[in-house]
Amino acid sequence: MSTALVVALGSDHAGFNLKHALVEHLRTRLGDAAVLDLGPPSAARVDYPDFAGKVADAITAGAAQLGVLICGTGIGISIAANKRPGIRAALCHDVTTARMARAHNDAQIVCLGARVVGEQVATDLVDAFLAEAFEGGRHAGRVAKIHALEGA
Ligand code: RB5
């Protein structure tokens, strides 16, 4: 189990260029050891559920604490990541949704649509996501109820 913050990133082909830009940004900001690029390694066509699984599993295993997933809209890759028990993957479009995903929903993964948000908005919202802490309190019970639905 890592103690220092590690961020895992993954995408499909539509999200590849934005992933590359965010990997570079986060390596500069946090250092190489804090960034886990789980692919794909090129813009060749791939299936987003494969990379959603890799990032979700890295978080479940403790190899990373937070993640970033990118596809064309962010929709498919967020739906896929949320199939993993215990994972909360939030599709965000701006700094406000990114902050609230951490503060109220304790999301571990922020999902982005590379065909929806530009690189600067994506960079700002990922920085906001990483900076925000879960508020706990009344939100903790709600998050527990989300996961109670997994076994219902
Ligand atoms: C790929 O064309 C596209 O369907 C995918 O990136 C994503 O937007 C799915 O939700």
Seminar exercise, completed: Contour minus Cα-Cα span, R99 to T28, at 0.36 nm per residue, comes to 23.4 nm
Seminar exercise, completed: Asserting the computed 222 nm helical MRE of the chain (DSSP H runs at least 4 long, -39500 (n - 2.57) per run, divided by residue count, to nearest 500) equals -14000 deg cm²/dmol
For this session: Any aspartates and glutamates with Cα under 17 Å of the K145 Cα? List them, leaving off those in the same chain fewer than 8 positions away.
Result: D106, E135
Problem set entry | From phi via Karplus (6.51, -1.76, 1.60), per-residue ³J(HN,Hα) for segment 136-152 in Hz, x at Gly/Pro | x, x, 4, 6, 5, x, 5, 5, 4, 5, 4, 6, 5, 5, 5, x, 7
Exercise. FRET efficiency for H147 and A61, Cβ-Cβ distance as r, R0 = 30 Å, nearest 0.05?
Worked result: 0.95
Seminar exercise, completed: Relative contact order as a percentage, the chain, C-alpha pairs under 8 Å and 6+ apart, gives 23 percent
Problem set entry | Share of carbon and sulfur in the accessible heavy-atom surface of the chain [1.4 Å probe, %] | 55 percent
Seminar exercise, completed: SASA check, V121, accessible area w/ 1.4 Å probe, all protein chains in place, rounded to nearest 10 Å², comes out at 70 Å²
For this session: With everything on Cα atoms, drop me the angle between helix 48-61 and the longest principal axis of the chain, reported from 0 to 90° to the nearest 10.
Result: 50 degrees
Exercise. What list of ³J(HN,Hα) values in whole Hz, one per residue of segment 27-40 in order, does the Karplus curve 6.51 cos²θ - 1.76 cosθ + 1.60 (θ = phi - 60°) give from phi, with Gly and Pro shown as x?
Worked result: 5, 5, 6, 10, x, 4, 5, 8, 10, 10, 8, 9, x, x
For this session: With +1 on each Lys and Arg Cβ and -1 on each Asp and Glu Cβ, and nothing else charged, work out how big the dipole of segment 18-147 is about its Cα centre, in Debye to the nearest 20.
Result: 440 debye
For this session: Counting only heavy atoms of the protein chains, get the accessible area per residue of the chain (1.4 Å probe) and round it to a whole Å² value.
Result: 48 Å²
Problem set entry | R88 long-range amide H proximity, modeled H, under 5 Å | Q108, I109
Problem set entry | Crossing angle, helix 119-131 versus the chain [Cα axis fit, 0-90 degrees, rounded to tens] | 40 degrees
Exercise. Quick one: if you stick a label point 7 Å off each Cα along the C-beta vector at R45 and A140, how many nm between them?
Worked result: 4.8 nm
For this session: Using Cα positions and a limit of under 18 Å, work out the lysines in reach of K19, with same-chain residues fewer than 8 apart set aside.
Result: K54
For this session: Among the aspartates and glutamates, select those whose C-alpha is under 15 Å from the C-alpha of K83, and discard any that sit fewer than 8 residues away in the same chain.
Result: D50, D57, E150
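The values are calculated or read from the model by the stated rules, or taken from the named source; none is laboratory data. Computed from a prediction, not measured in an experiment: that's the story for all the values here. A quick note on method: Cβ atoms are made from the backbone with ideal geometry, for glycine too, and the neighbour counts reach across all protein chains shown. Side chains are part of the model used for accessible areas, which takes the heavy atoms of the whole protein and leaves out ligands, DNA and RNA. Shrake-Rupley method; radii C 1.70, N 1.55, O 1.52, S 1.80 Å.
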